[in-house]
1. Could you please find all residues in the range 77-89 being part of a helix (DSSP H, G or I) and free of Cβ contacts under 8 Å to residues at least 40 places away in the same chain?
2. Which fully enclosed helices (runs of 4 or more DSSP H) of the range 1-76 have 3 or more residues being loosely packed, with under 15 Cβ neighbours inside 10 Å and free of Cβ contacts under 8 Å to residues at least 24 places away in the same chain?
């Protein structure tokens with residue numbers, strides 16, 4: 001069963017991350033004010049990024065990962081700057 005993780009840019013510039021089974025239907029719900037509380041008063045919203053997964057559990061795990069990222073790291077993901085993502089990690093992974 002296919003599932004997605006997605007990111008919306010809201011009218012106020014905030015970013016929202018979710019993981020539905022039916023991406024188009026969920027984005028439509030956000031657009032008409034029937035989505036999450038966060039997006040309800042921040043319309044219109046724009047789908048700016050998504051990934052597809054075979055299982056809902058995989059999409060949910062990725063949703064939780066991206067939700068814990070900084071805004072800078074989310075923006076790099078939207079831009080497709082995969083090489084720059086490690087440098088934006090909250091933890092310092094350099095050798096000590």
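Coordinate-derived values only; no laboratory data. Keep in mind that what you see is a predicted model, and the values were worked out from it rather than measured. Methodologically, a virtual Cβ is constructed for each residue, glycine included, from the backbone with ideal geometry; neighbour enumeration extends over all protein chains shown.
1. Those that are part of a helix (DSSP H, G or I) and free of Cβ contacts under 8 Å to residues at least 40 places away in the same chain: 79, 86, 87, 88.
2. 23-31, 56-67
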